[in-house]
Amino acid sequence: MAISYEWRGEFTSAEANILHAECFDHAVLSDQEWDWRGQVDRHSLGWVCAREGGGLVGFVNVAWDGVVHAFVLDTMVATRARREGVGTRLVELAVEGARAAGCEWLHVDFEDHLRGFYFDACGFVPTNAGLIEL
């Protein structure tokens, strides 16, 4: 079955919570515990949904500062759709959406095992950055 992609596509918090639980290995949260729709509607430039047969198999959130900086967050691909280019396509569409909105920079942070994905497959380059764990 073909996978379709949509910038600012429709999704429910329940779908995103199920996908997030699968991708980040935790229990499924309720919509009251994590309201994805409310979060992206209030804080995001956009997001990309990947669907296969109507089911959400991929998602990436693009937060921003309201001006020129955008941030890739929560890149997720269902186990059954991995290694098929879904994640790369999600990020490509996130880049297009941020660029179309006038952003000049797209940032991402990630765990070490994802370096090849973000640097090689998606075209990000290493930069100096800082982080404080809160």
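Looking at this structure, is Gly130 farther than 25 Å from Ser13 by Cβ and outside any helix (DSSP H, G or I)?
Working: farther than 25 Å from Ser13 by Cβ: yes; outside any helix (DSSP H, G or I): yes.
Yes; evaluated as a whole, the condition is true for this residue.
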Please go through region 103-119 and give me each residue that is within 19 Å of Ala63 (Cα to Cα) and not aliphatic (A, V, I, L, M), ordered by number.
Cys103, Glu104, Trp105, His107, Asp109, Phe110, Glu111, Tyr118
Boolean, Glu15 is farther than 22 Å from His107 by Cβ and either part of a helix (DSSP H, G or I) or within 14 Å of the chain's Cα centre (by Cα) (or both):
yes
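Search region 72-126 for residues being assigned to a helix (DSSP H, G or I) and among the β-branched types (Val, Ile, Thr), and hand back the single one that is nearest to the chain's Cα centre (by Cα). So that I can check it myself, show each step before the final result.
Pass one, region 72-126, residues assigned to a helix (DSSP H, G or I): 79-81, 86-100, 112-121.
Going one step further and asking which of them are among the β-branched types (Val, Ile, Thr), we end up with 79, 86, 88, 91, 95.
Values: Thr79: 15, Val86: 11, Thr88: 10, Val91: 7, Val95: 11 Å.
Filtering first and then ranking leaves Val91.
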In region 57-79, the residues that are touching a strand residue (DSSP E or B) at 6+ places or on another chain (Cβ under 7 Å) and exposed (fewer than 14 other Cβ atoms within 10 Å of the Cβ):
Val68
Checking Gly85, Gly54 in turn, the sole residue that is modelled with pLDDT under 95 and either loosely packed, with under 13 Cβ neighbours inside 10 Å or closer than 24 Å to Phe124 by Cα (or both) turns out to be Gly54
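The values are calculated or read from the model by the stated rules, or taken from the named source; none is laboratory data. Since we're looking at a predicted model, the values are computed, not measured. With ideal geometry, Cβ positions are generated from the backbone for all residues, glycine too; neighbour counts draw on all protein chains shown.
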